């Protein structure tokens, strides 16, 4: 027993050197932003009567309006890129030739048009200008007075330009596409009939622009101006996590002033600026195809209403405060 006392004594000395107070846990301040989960909101509590409304059967409806428009259609233009050179000229012979009048891009087919600007180029190089007269008549081209365009003279050995502004090409309301321009060549000379007297040339190698146009247009793209809808909603924090959209619809009203049916292409872009989340989807019908917009009629423009639901819930699920129509254009298919 004598050996045990020193050990206990040392232990008591160690304990007496320490002061033990009541134990406690450390504390610190923390700010937590907790998403809106497992919270209940009445539908009426979320409606603000500005962008959010309560519809039938207590369906929460998000309404935002905006508008966009296509660029000005302007004139219809195409370049036939046609040239006839050389054309042999024979004394006393009335010749008939044709100038190809086809759009190389297969975009435009003309039935009738009023030329806003454009030129027809010609020349005739005569062996004996003093005793030879040449007349070129264009039955398909009419001047502002309604008469066929006629070019006549003695000799023009270099290319000359004829301003076609104000002229009409084709026959109005005929329904006949003009694929070639007829040219009647008349030569008067004191030489025997059939004698070569020179050469001529004709070309239309610059764009013709029509302010009035009747015909067909295929795959003519007309870009639309950017359009946006700002949705001013003070969403409850985390509502995008608390609500899962099952169905959503977007209604577009397209006012077509063109006499051509068009297909509408575009994308819908939404962004929630608070969260930074973005979403873009193509605007397609239920078959995954672009929407068709009906042409205007004799009474005026026609409004086509489009009901778009394909993937729209993906955009609205992020609770966007701005929605934009982007990369939009009309494809005219006349």
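The values are calculated or read from the model by the stated rules, or taken from the named source; none is laboratory data. Since this is a predicted model, take the numbers as computed values, not measurements. Don't worry about glycine lacking a Cβ; one is built from the backbone with ideal geometry, like all the others, and counts go over all protein chains shown.
Annotations for the structure displayed:
- Remark: residue 70 matches the filter, which requires a residue to be in contact with a strand residue (DSSP E or B) (Cβ under 9 Å, 6 or more places away or on another chain), modelled with pLDDT under 90 and closer than 24 Å to residue 258 by Cα.
- When segment 175-223 is filtered for residues that are within 15 Å of residue 79 (Cα to Cα) and in a loop (DSSP other than H, G, I, E, B), the ones remaining, listed by number, are 178, 179, 205, 206, 207.
- Selection from segment 127-151 of residues that are farther than 17 Å from residue 183 by Cβ and either outside any loop (DSSP other than H, G, I, E, B) or within 39 Å of the chain's Cα centre (by Cα) (or both): 129, 130, 131, 132, 144, 145, 146
- Residue in segment 154-164 that is without any contact (Cβ under 8 Å) to a residue 12 or more places away in the chain and assigned to a strand (DSSP E or B) present: no
- Condition check for residue 119: buried (at least 17 other Cβ atoms within 10 Å of the Cβ), at pLDDT below 95 and either in contact with a strand residue (DSSP E or B) (Cβ under 6 Å, 6 or more places away or on another chain) or not assigned by TED's automatic domain parsing to the domain that holds residue 251 (or both): no
- Being over 19 Å from residue 97 (Cα atoms), in the same structural domain as residue 209 (by TED's automatic domain parsing) and surrounded by 13 or more Cβ atoms within 10 Å (Cβ to Cβ) is a property that does not hold for residue 186.
- Checked against (1) at pLDDT 85 or above; (2) more than 17 Å from residue 254 (Cα to Cα); (3) buried (at least 17 other Cβ atoms within 10 Å of the Cβ), residue 275 passes all but condition (3).
- Taking the criterion of being over 30 Å from residue 319 (Cβ atoms) and touching a residue at least 40 places away in the same chain (Cβ under 8 Å), the only residue of segment 279-299 that qualifies is 296.
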